Amino acid sequence: MSIDIETAARVAKLARIKVEDEDLPVLAGEFNAILGFIEQLQQLDIDDVDPMTSVTPMRLKRRADVVTDGNQQAKVLANAPDAREGFFAVPKVVE
Amino acid sequence: MGDLNKLTIAEARDALRKGETTAVALTEACLKAIDSADALGAVAHKTPDLALERARAADERLQAREEAPAMCGIPVGIKDLFCTEGVPSQAASKILEGFRPDYESTVSGKLKDAGAVMVGKLNMDEFAMGSSNETSVYGNAINPWKAEGGAALTPGGSSGGSASAVAADLCLAATGTDTGGSIRQPAAFTGIVGLKPTYGRCSRWGIVAFASSLDQAGPMTRTVRDAAIMGAAMMGHDPKDSTSADMAVPDFEAMLTGDIRGKVIGIPKEYRMDGMPVAIGKLWSDGAEMLKDAGAEIRDISLPHTRYALPAYYVIAPAEASSNLARYDGVRFGHRAALAPGDGITEMYEKTRAEGFGDEVKRRVMIGTYVLSAGFYDAYYNRARKVRALIKRDFDEAFAAGVDSILTPTTPSAAFALGREVSDPVEMYLNDVFTVTVNLAGLPGISVPVGRDGQGLPLGLQLIGRPWEEGALLNTAYALEGAAGFVAKPAKWW
């Protein structure tokens, strides 16, 4: 499996990380080095193995379906880069 | 008393109870040491006023009641990955610049409630991704140990600031977190003890998430006894973390008898790597000899899937990271990029994340995105989860055959020089070759300082235990520590 510049650009887009065009070849090279390393996993015959879902077998605990928290609008917004009138403010989303 | 900042937790605890010192005096000694150690880059955010306030409260508590918790009045450092109320908590990343949580992580909160005194937030690799503390937005943390006339060395990573601070006596102990070796590798590089508990022992709530199925907090201390004391104070069930184990935490310190007669110590042949430095190989066989002399049975074992652990890790950890780090979008907290006229929300995300994340974090988020993307999910992510099941099975089988704990080197080398040109990211990943299996299998592991290499740099051995049996693991580590008699300290140059 080899990652070309086009694939690197697509992955960057999916990850929502802006990568300048001139940086894509180096990035693709790094991806290929890492994926080449990961490629060893293909050597194993693992068809009859179940993928791990939980490292320690345990049941998720249940609790009553009630509100336990809330009413802290000021605290929730305290760290926002841009908060106005009790909301998070972002660039226009809908045209 | 001598230098108060050089005491162990156990010594300080006993001195506090005898009235030989105070929490304020201990704290002042650490704050002074911190202020004279800026060259180490270990402390990212100093909190002297808060520390003295908590120290005064601890002294009142110690005077009021004799049964104050063991950690009461003990100055500790907290890794920057832990959210601490009102104190900057930015995971050594630019993207969390200015973030001051309105809440306290469960683990740092438990220490706080026990009366421990936070003296500052400690340097680390950005989002705990790294093995040398070189990916931090704060700059490098530096190892207090140096080879004769040598260059500045890494304290390891990702808990590099924690390791440097404890080894240089800036605090009595520190918290760390360990996703692939981030407590144990820096502990080995700096001649201290680092314990990664069983997955589920310490709540992950309020700790900035890297790879949720692997992350686990633990203590970094000067002695095994201190790891037992501080570890017990950090552990325990937390309803706010669904993977937190609802199990009683034993009194680990009471289990430190040093008696390991009849215990079976496994030596896994797959950990004997080609090109392993002579000093590491000798340390390993010396350690096995020490445990044998203490009455343990040494048994050769096989963990056949070991060589696939790192590749599996470098699928699973980035995959989980790409999901966890999706929250850094410039909306709710942290950094937001300046936008150009006409930029919409997608440009805001892309520019914010490009500016806010460092190179290694970006690489891992994108690798994670790739292995989870349509068409590759089965080939990479599901395959890695299957291999992870096999790695855990290797350990399960060894324990079922009667092995009590497993002895390995902690790292493939001693601390290396900072600023090495690393063109291939995989080269840095190899640091975790002996530690990463433990995270994949969810087991407890501890690094104990056992010897020094030809240049006088500390080397550690790792003991791996059965799940939930930290008490027995600590006791074996205690026996190893006693036999090794590692007492060397770095010569002060900073």
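The values are calculated or read from the model by the stated rules, or taken from the named source; none is laboratory data. Keep in mind it's a predicted model, so treat the numbers as computed, not measured. Backbone-built Cβ (ideal geometry, glycine too); neighbour counts: all protein chains shown. These accessible areas exclude ligands, DNA and RNA; they are computed on the full protein's heavy atoms, side chains included. Shrake-Rupley method; radii C 1.70, N 1.55, O 1.52, S 1.80 Å.
Results, tabulated for the structure shown:
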{"item": "Accessible carbon and sulfur surface of the protein assembly as shown relative to its total accessible area, %, 1.4 Å", "result": "49"}
{"item": "Dipole in debye (nearest 20) - the protein assembly as shown, about Cα centre, beta carbon charges: Lys, Arg +1; Asp, Glu -1", "result": "860"}
{"item": "Mean separation of Cα contacts under 8 Å, 6 or more apart, over the residue count of chain B: relative contact order %", "result": "18"}
{"item": "Chain A shape via C-alpha gyration tensor axes, a/c threshold 1.5", "result": "oblate"}
{"item": "Rounded tilt (10° steps) of A:5-14 against the dominant C-alpha axis of chain A", "result": "20"}
{"item": "Chain-alone versus full-assembly comparison, region B:90-106, residues with accessible loss of at least 40 Å² (1.4 Å probe)", "result": "B:Asp102"}
{"item": "Unit charges at the beta carbon, dipole of region B:20-65: most positive-side option, B:Leu62, B:Leu40, B:Thr21", "result": "B:Leu62"}
{"item": "Folded to 0 to 90 degrees: helix A:24-38 orientation relative to chain A principal axis, Cα", "result": "70"}
{"item": "Rounded to 5, the percent of DSSP beta bridges in chain B classed as antiparallel", "result": "65"}
{"item": "Total accessible surface hidden between A and B, rounded to 100 Å², 1.4 Å probe", "result": "5200"}
{"item": "Signed unit charges on C-beta, dipole axis of the protein assembly as shown, positive-most listed residue B:Met276, B:Gly266, B:Ile74", "result": "B:Ile74"}
{"item": "Delta accessible area of at least 30 Å² on complex formation, residues of region A:53-84, 1.4 Å probe, chain isolated as reference", "result": "A:Val55, A:Thr56, A:Met58, A:Leu60, A:Lys61, A:Lys75, A:Asn79, A:Pro81"}
{"item": "Efficiency of FRET between A:Ile5 and B:Glu347 - r from beta-carbon atoms, R0 25 angstrom, step 0.05", "result": "0.70"}
{"item": "B:Val422-B:Ala491 pseudo-label distance in nm [points 7 Å out on the Cα-to-Cβ vector]", "result": "2.9"}
{"item": "Student exercise, chain A dipole from Lys, Arg, Asp, Glu Cβ charges, in Debye to nearest 20", "result": "920"}
{"item": "Region B:410-494 shape via C-alpha gyration tensor axes, a/c threshold 1.5", "result": "oblate"}
{"item": "Residues listed by number, region B:436-453, amide nitrogen under 18 Å from B:Val278 label point at 7 Å toward C-beta", "result": "B:451-453"}
{"item": "Unit charges at the beta carbon, dipole of region B:1-154: most positive-side option, B:Thr154, B:Val107, B:Ala10", "result": "B:Ala10"}
{"item": "Electrostatic dipole magnitude of chain B [Cβ: Lys, Arg +1; Asp, Glu -1; Cα centre; debye, to 20]", "result": "340"}
{"item": "Helix-derived mean residue ellipticity, 222 nm - over chain B, DSSP H n ≥ 4, -39500 (n - 2.57), to 500", "result": "-11000 deg cm²/dmol"}
